[in-house]
Each structure stands twice: as structure tokens, then as C-alpha cells.
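The values are calculated or read from the model by the stated rules, or taken from the named source; none is laboratory data. Owing to the predicted nature of the structure, the values given are computational and were not obtained by experimental measurement. Using ideal geometry, Cβ is built from the backbone for each residue, glycine included, and neighbour counts are taken over all protein chains shown. Protein only, heavy atoms only, side chains kept; ligands, DNA and RNA dropped before computing areas. Shrake-Rupley method; radii C 1.70, N 1.55, O 1.52, S 1.80 Å.
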Amino acid sequence: MQIGPYTLPNRLFVAPMAGVTDRPFRQLCRRLGAGYAVSEMVTSRKDLWASLKTSRRADHAGEPGPIAVQIAGTDAAMMAEAAAYNVDRGAQIIDINMGCPAKKVCNKWAGSALMRDEALALEIVEAVVAACAPRGVPVTLKMRTGWCDAERNAVAIARAAESAGVALLTVHGRTREQGYTGLAEYDTVAAVKAAVRVPVVANGDIDSPAKAVQVLARTGADALMIGRAAMGRPWIFREIAHHLATGGTLPAPATAEVRQWLVAHLHDHYALYGERTGVRSARKHIGWAVRGLPGGEAFRQQMNTLDDIATQVAAVADYFDRLAERHALLPQGGDAADDAANDELIRLEA
């Protein structure tokens, strides 16, 4: 799998998700089988670049390459400047966000709202490519199938973006109107793949090795992008990679292994955010990790009362140690869609 000059170890990508795919989570997914990861969405607004939130999102210290940064905005010149700014800070690939369905993004005509204005969308792509090409930095684009069922224009935008110099296209198989409801459809992804020569990545509802095989066969896509299914289950990448390579199925990971991965991830998380913010923002990752496990919901509620690193880590370690005494392999968790406590948290994929 190739993006510009970069050869990737496999064709399994981590989707950019606001509030989820920070550097520690991307690194965890890479360690557990993902071949590529894209950062959280970074604003093109220059007045926000110095903010703590944006500076954390642009932190790539110790991250394996290629480092991909997703940018979002509505002004071509500002997007070009944002691309250059992030390249100066270590970005090796720039991804343009035309997929985020969040109202606070679309109300400003960014994200998937750009698909309603094809001329502006193309102007932005051309400006970003012009800023990145002299630096040898590939530009990629993530989009949806269209704004709504009546406006599925992904193929037209894909052709225009390819002509403008985009090196790779990712298509989430939903319209903006769908948000994350209903089922992803893959016929539009297949149509985009048939219409362009650059690599195409399929995204949406890929939550198992069997589904990965199905989506690849249905779309002819060159790669798969996985978002929500990796929340609390980052080893899904190695499961899919094993199945694609061998046709076999890996057993569930050892409970002790999951404990080790989660505790290491928590320490990386605290190092980026500090104790006060880190303990609070880590709660969602812990909640996803125990979702559907025996005693997981009671533990999640207890976790929300803890407010220091030592206590939080000790509680997580103790929970998984006790679970390992009864289950050498991790019990199969529940479906995220059935967990009302996490409904709002899973609507994050850009």
C-alpha cells in the first residue's frame, strides 16, 4: 500500500476521530496492527493554532511515520496556510476533511458540508495541493457519499480531486444526512474506485474480519479505514490483518495482555494531557475497554468518581487482574450500539 512516496506495512487505517485518535491512541493502534493512522481534525483557523487543544492535536513526538494530519475549514487560502503550518511541524501527509457530519462543523460549511459546493471543494483541494506539492507532501481527501440520498456526488468530487493532484481518497459509505445512523452502503465506494486511478479507502461499519473481507470484495477498495470499532478494541487491526493474510481467526486476546495494553496507553495519555485533564479524558477510553465485560458497567460508574492518576491506574489494573482470574482470554464484549451510556461518545468519526 502506497501513499505518495510512503510504503505502508498494510492496508488497515485508523480513522480520524475527534476526541479519540490523539497521539497515544494512534500509537496503540499502530502497535496492535494498524498500518496507518490519521490525526484528529485540526482547524484551519490561525487564531486557534496556539490553543492548548490544537497544540495537543498537532503533537507527533515519538510517533512513527508517515505522520498524517487532517485539516478542516472553508477558505482555500486558510486551508493552504494550515497545510503548510502542519508540514512545518512534522506532517508528512495532509488529509482534507470533507467527511465530518457534526453540526458545529457543517454549520460553518466545513466537513461534509463542502460536498454541497463542489466549486469551493475543488478550490480548497487545489490550494492545499499547491501548498504541499513543492514540499513533496501528498494530499489525501476523506469524504462521504454525498450530502443526502438525492445528492450523492462522491464520484464527481473524486474525479475532480484526482485531477487536482490528490494522492488517495477515503469514502465513508454514508451521506451527511445519515450521520452514523442506518447502515453504510458500499456501492458508491465501488463507483468511486471504478472512476479513479488513485488508491481508494473504504470506511464505515467495518467491525470484524468477516466484514472486512466483504467490504473489500464489494468495493474493490485498496484499503480499509476503521474508526468506532477500534474504540476499546484496538486489537481489531491485528485480527483483520491475520484473517486477510491466512483466512484464519485469532482467539480473543489474553485478559492480562489487554490489561498491559490499557495501562501503558493510560500512561501515554497522562503524559500528553497532564493529570487533571488526562484522568478525566481517559475515562472514555476505559469505559470503551470494559464495555460489555462482566461488571464493566458498574466499574465504569465507579471510574467516573476517581480523579487522580494513581487511583485510576490501580483500579483499572485491579479490575483486569480479577477478570483474568476467571477468564484467561478476554470475554467477548457487547455491541457499542447497544450501550446507551456511550451513545454520544461513539459519534466522533470524522
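Looking only at residues in the stretch 74-99 that are in a loop (DSSP other than H, G, I, E, B) and open to solvent by less than 10 Å² (accessible area, probe 1.4 Å), which one is nearest to residue 203 (Cα to Cα)?
99
Can we say residue 282 is of a type in the set (A, V, I, L, M, F, W, C) and loosely packed, with under 15 Cβ neighbours inside 10 Å?
It is false that residue 282 is of a type in the set (A, V, I, L, M, F, W, C) and loosely packed, with under 15 Cβ neighbours inside 10 Å.
Being of a type in the set (Val, Ile, Thr) and assigned to a helix (DSSP H, G or I) is the filter; apply it to the stretch 223-254 and report the residue that is most open to solvent (accessible area, probe 1.4 Å).
246
Being within 12 Å of the chain's Cα centre (by Cα) and either without any contact (Cβ under 8 Å) to a residue 24 or more places away in the chain or part of a loop (DSSP other than H, G, I, E, B) (or both) is the filter here; which residues of the stretch 6-41 pass it?
15, 16, 18, 19, 20, 21, 22, 34
Which residues, taken from the stretch 163-181, are open to solvent by less than 30 Å² (accessible area, probe 1.4 Å) and either touching a His at 6+ places or on another chain (Cβ under 7 Å) or over 12 Å from residue 204 (Cα atoms) (or both)?
Across the stretch 163-181, the qualifying residues are 164, 166, 167, 168, 169.
So is residue 19 modelled with pLDDT under 90 and farther than 17 Å from residue 201 by Cα or not?
So residue 19 fits the description; yes.
For residues in the stretch 4-31 being touching a Pro at 6+ places or on another chain (Cβ under 6 Å) and surrounded by 20 or more Cβ atoms within 10 Å (Cβ to Cβ), which is nearest to residue 227 (Cα to Cα)?
29
Suppose we filter the stretch 113-144 for residues that are among the aliphatic types (A, V, I, L, M), under 22 Å from residue 87 (Cβ atoms) and open to solvent by less than 10 Å² (accessible area, probe 1.4 Å); how many remain? If you could, list the steps in order and put the result at the bottom.
So the first thing to find is which residues in the stretch 113-144 are among the aliphatic types (A, V, I, L, M), and the list is 113-115, 119-122, 124-125, 127-131, 133, 137, 139, 141, 143.
Imposing the further condition that a residue be under 22 Å from residue 87 (Cβ atoms) reduces the set to 114, 121-122, 124-125, 127-131, 133, 137, 139, 141, 143.
Filter once more, keeping what is open to solvent by less than 10 Å² (accessible area, probe 1.4 Å): 114, 121, 124-125, 128, 139, 141, 143.
Final tally of qualifying residues: 8.
Yes or no: the stretch 329-348 includes at least one residue that is crowded, with 18+ Cβ neighbours inside 10 Å, at pLDDT 95 or above and part of a helix (DSSP H, G or I).
no
Which residues, counting only those in the stretch 285-309, are over 18 Å from residue 234 (Cα atoms), open to solvent by 30 Å² or more (accessible area, probe 1.4 Å) and of a type outside the set (A, V, I, L, M)?
Result: 294, 295, 297, 300, 301, 302, 304, 305, 307, 308.
Hey, can you tell me all the residues within the stretch 310-319 that are among the β-branched types (Val, Ile, Thr) and open to solvent by 10 Å² or more (accessible area, probe 1.4 Å)?
Correct list: 311, 313.
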